[in-house]
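S.K.: Below is the structure I would like to discuss, written out as structure tokens.
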Amino acid sequence: MHTDDRSAMRAKFAPPTETPRHASMSRRSLLATAALLITTSGAAAKVVTKVLPWRPNEVYPVTPVTPGGWLFFTAEEAAVVDAIVDRLIPADELGPGAKESGVTTFIDRQLTGPYGGHDWLYMQGPFATNPLPTQGLQSPLTPRQQYRQGLAALAAYCKANYNGRGFADLSGDEKDKLLAGMEKGDVKFDGFSSRMLFNAVHGNTMEGFFADPIYGGNKDMAGWKLIGFPGVRYDFRDVIDNPNKPYTLPPVSMQGQPAWGVR
Amino acid sequence: MTRHWTTHRHGLRHLLAVALLTIPSAAIADPDTYLEAMRGRALVTAGDCVACHTAPGGAPFAGGLALQTPFGAIMTPNLTPDNATGIGSWSADDFARAMHEGKRPNGTRLYPAFPYPSYTKVTRADADAIFAYLRSLAPVSNVVNRNTLPFPFNIRTSMLAWNAMFFTPGEFKPDPAKSETYNRGAYLVEGLGHCGVCHTPMNALGANKADHAFEGGRIDNWTAPNITNDAQLGLGKWSVDDVVQYLKNGQARGVIASGPMKDVVENSTSKMPDDDLKAMAVYLKERGAAGGATPSPVAATDGRMKVGEAIFVDTCAACHVRSGEGIPRVFPKLAGATIAVQDDPASLIHVVITGGQAAATATHPTAPTMPSFGYRLSDEQIAAVVTYVRNSWGNAASPVTAGEVKAVRGKVTGAAD
């Protein structure tokens, strides 16, 4: 489906094949192409005059993630991701960690959506073989492919190097050492960049731990409580007007907070 | 026509000829009735005829809007002078009879969704001016199904009995003991303005309760508040100038017109002369105060108030401000706002569920918008936050139940799509 979208997109943005007969025609055909793009791309261009665009009940709500089960991961993959995120943000005296906060569920659901296919990224290359750090992702692999292939490579690596044990069966020290090696790229998986897998899980763990709970992670706003983030409030004039006074309001998520009562 | 006109100008001339032929005679304003028609246009604005006699996206005055009544939907007729589908074949007498008696030219009865119980007060001279203006409009062919009510309400003779009970025909009689301004205001408010159709409660048969005039009603699931001079529920704390500013600009005293009143302000009152607005304000302020007794506020320690306060602080306070004061000209004030303490909480529930857009006028063109929260708050939560708004910062009104929210939600969710 995503490949189809891409080829449709490519066809849409392909330059016109017909050679313009003279300069004025060239501009005209360019205009015609532009108009066609606007009308066919689905992003309907709209001229707003006299009235403000508003309709009653107009909202674009997020469908809340319902925890339970896996939509992308296999049970084995999920157990490994659980084990990794549990080392990245472990539960401690400050509160629950990434695993308890549903970060694996967050990653699982994200991988099934547009992020998982990098639907909104340019993915046609060319990809630099030795990119600068500022050049971002330089790979044709989508997050779905990174997780599927990366976790398989990690499983094979563990099987070969830890007497047949899987990542989840390693001791805490072994896990940390292996993860540190993956972060540096020192650990060599067979056919996959260990660093790419580490970066994917590391980035997504932070996102899941601090994103709104509606997306499946950050359960009970644990991440926000840990760092004192106020949540989806957007007016702090009262706070600004009262410097050096403690901020006492609890965090609030898109679905509210416990004081709102039962939904 | 001179010879140096080139050939393509002949084409233009033909076009003009065709255009002239296709403009039916009624649309050409007769210079003799121009002043009369312009006077009629001002009266049509005061009556806000366009609001009901225009379908969404349709030609103005060509009818076709489905008016929702407790008895079923009534499609409004075409008021343009089209012979077949409009009032092109009507005489001035026909028009005056519809306005004053609620009857069509053939004698059959109109339903009081057309506010002839108000329009009967309009003078014959004004009715004729309105007719002259409507005759000057371009005729629009628009067939409207005028028989959409279900049995037994589709029997138009049943209006005979209704009229006997609730309809008092007759032109407006000024009160000689009152000022000219007061009487002008009374004429506009009681007649063309037909304010009471929304702002006076209805009985079970859809008639306004004469003994509760202007004490507040409900229209399209919005609350039409008390506009008597009652200090708590009505205009008692408003000055005449406050009322004029509200009708002219869509806002005054920190509150902003929304819901159906947005359309009234935008189409009608903002375009009326200041003198008429002042007269209406004087009449409403002087005609007396009436309203229910103010209840004591729900205690701040009440569980609903606690939940409501949390939701208000997290959801509403960013715009309406923690103190309920709002932001002048942009976000309506809730503290002391009469709409917050009406016995009927429909507007508060409605606006929280669907969101809303306030009136835009020439002097205040912003039209601030409130987003919809219906997707995000449950019936219980909306009941709690509305109860909190109704009973904080000096406000006092009955608490709202989840059942009331559910009833409104069922009528307003998705209704606009």
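S.K.: Going Cα to Cα from residue A:177, which aspartates and glutamates come in below 13 Å? Please leave out same-chain ones fewer than 8 positions away.
M.R.: Partners within reach: A:186.
S.K.: Roughly to the nearest percent, how much of the accessible area of region A:75-224 is carbon and sulfur, given a 1.4 Å probe? Write down the numbers at each step before the final one.
M.R.: Working: 4010 of 7560 Å².
Here carbon and sulfur together make up 53 percent of the probe-accessible area.
S.K.: Leaving out ligands and nucleic acids, and using a 1.4 Å probe, what accessible area per residue does chain B come to in Å²?
M.R.: On the way: 19590 Å² over 417 residues.
That works out to 47 Å² for each residue.
S.K.: Residue by residue through region B:119-135, what is 3J(HN,Hα) from phi via Karplus (6.51 cos²θ - 1.76 cosθ + 1.60, θ = phi - 60°)? Round to whole Hz and write x for glycine and proline.
M.R.: Values, residue by residue: 5, 4, 7, 5, 5, 4, 4, 5, 4, 5, 5, 4, 4, 4, 5, 4, 5 Hz.
S.K.: Please say if chain B is rounded, prolate or oblate, where rounded means a/c under 1.5 for a ≥ b ≥ c the square roots of the C-alpha gyration tensor eigenvalues, and otherwise the choice is prolate for a/b larger than b/c and oblate otherwise? Mind showing how you got there, number by number?
M.R.: Values: a/c = 1.86, a/b = 1.62, b/c = 1.15.
The shape class here is prolate.
S.K.: Residues of region B:338-382 losing 20 Å² or more of accessible surface, assembly versus chain alone, probe 1.4 Å, please list them.
M.R.: SASA drop of 20 Å² or more in region B:338-382: B:354, B:357, B:369, B:372, B:375, B:376, B:378, B:381.
S.K.: Extending each Cα 7 Å along its Cβ direction at residue A:249 and residue B:205, get the distance between those two points in nm, one decimal.
M.R.: Going from the residue A:249 label point to the residue B:205 one covers 5.4 nm.
S.K.: Something else: Going Cα to Cα from residue B:411, which aspartates and glutamates come in below 12 Å? Please leave out same-chain ones fewer than 8 positions away.
M.R.: B:220
S.K.: For a test of the definition: using alpha carbon positions, the gyration tensor, and the 1.5 limit on a/c, classify region B:143-224 as rounded, prolate or oblate. Don't skip to the answer; put the middle values down first.
M.R.: Numbers: a/c = 2.12, a/b = 1.71, b/c = 1.24.
It comes out prolate by the Cα gyration axes.
S.K.: Return the sequence-ordered ³J(HN,Hα) values of region B:54-71 in whole Hz as given by the Karplus equation 6.51 cos²θ - 1.76 cosθ + 1.60 applied to θ = phi - 60°, using x for Gly and Pro.
M.R.: Rounded to whole hertz, the list is 9, 6, x, x, x, 5, x, 6, 8, x, x, 7, 7, 7, 7, 10, x, 9.
S.K.: Sticking with this structure for a sec: With N set to the residue count of region B:303-412, report its C-alpha Rg divided by 2.2 N^0.38 Å to two decimal places.
M.R.: Details: Rg = 13.3 Å, N = 110, 2.2 N^0.38 = 13.1 Å.
Cα-based Rg divided by the globular estimate yields 1.01.
S.K.: Still on this structure, I have one more. What ³J(HN,Hα) values, in whole Hz, does the Karplus curve 6.51 cos²θ - 1.76 cosθ + 1.60 give for region A:94-101 when θ = phi - 60°, with x put for Gly and Pro?
M.R.: 7, x, x, x, 5, 5, 5, 8
S.K.: Can you list which of the trypsin sites (Lys or Arg not before Pro) found in region A:172-244 are DSSP loop residues with at most 16 other C-beta atoms within 10 Å? Intermediate values should be presented prior to the final figure.
M.R.: Working: sites: A:175, A:177, A:184, A:188, A:195, A:219, A:225, A:233, A:237; in loops: A:188, A:233.
Sites meeting the loop and neighbour criteria: A:188, A:233.
S.K.: Where nothing but the Cβ of Lys and Arg (+1) and of Asp and Glu (-1) is charged, how large is the charge dipole of the protein assembly as shown around its Cα centre, in debye to the nearest 20? Mind dumping the intermediate values first?
M.R.: Values: 64 positive and 62 negative charges, 350 e Å.
It comes to approximately 1680 debye.
S.K.: Amide H to amide H under 5 Å from residue A:97: which residues, 5+ apart in sequence or cross-chain, H placed 1.01 Å off N in plane?
M.R.: Those qualifying (amide H under 5 Å, at least 5 residues apart or on another chain) are A:91, A:92.
S.K.: Please state, rounded to one decimal and in Å, the Kirkwood hydrodynamic radius that the protein assembly as shown gives when every pair of distinct Cα atoms enters the mean of 1/r.
M.R.: On the way: mean 1/r = 0.0323 Å⁻¹.
Roughly 30.9 Å, rounded to one decimal.
S.K.: Something else about it: Please compute how much accessible surface disappears when B pairs with A, both sides summed, using a 1.4 Å probe, and round it to the nearest 100 Å². Intermediate values should be presented prior to the final figure.
M.R.: Values: alone 20640 and 17960 Å², together 36450 Å².
In total, chains B and A hide about 2200 Å² from solvent.
S.K.: Can you give me the long-range amide H partners of residue B:235? Hydrogens built in the peptide plane at 1.01 Å from N, cutoff under 5 Å, separation of 5 or more residues or another chain.
M.R.: Those lying under 5 Å, H to H, from residue B:235 are B:228, B:229, B:230.
S.K.: Largest first, how would A:220, B:82 line up by accessible area (1.4 Å probe)? Walk me through the numbers on the way to the answer.
M.R.: Working: A:220 105, B:82 30 Å².
Descending accessible area places them as A:220, B:82.
S.K.: Which value in nm describes the separation of the simple spin-label points at residue A:123 and residue B:302, placed 7 Å from the Cα toward the beta carbon?
M.R.: 5.5
S.K.: Is region B:180-286 best put as rounded, prolate or oblate by its Cα gyration tensor, with a ≥ b ≥ c the root eigenvalues, rounded for a/c under 1.5, and otherwise prolate when a/b is larger than b/c, oblate when not?
M.R.: Numbers: a/c = 1.43, a/b = 1.27, b/c = 1.13.
Because its axes are fairly even, with a/c under 1.5, region B:180-286 counts as rounded.
S.K.: Which cross-chain or sequence-distant (5 or more) residues have an amide H under 5 Å from the amide H of residue A:231, H modelled 1.01 Å from N in plane?
M.R.: Amide H to amide H, under 5 Å and 5 or more residues apart or across chains, residue A:231 pairs with A:252.
S.K.: Quickly estimate the mean residue ellipticity at 222 nm for chain B, helices only: each DSSP H run with n ≥ 4 gives -39500 (n - 2.57), and the total goes over all residues, rounded to 500.
M.R.: -11000 deg cm²/dmol
The values are calculated or read from the model by the stated rules, or taken from the named source; none is laboratory data. The structure displayed is predicted, hence computed values, not measured ones. Note that we place each Cβ from the backbone using ideal geometry, even for glycine, and neighbour counts take in every protein chain shown. Note: areas computed on protein heavy atoms with side chains; ligands, DNA, RNA excluded. Shrake-Rupley method; radii C 1.70, N 1.55, O 1.52, S 1.80 Å.
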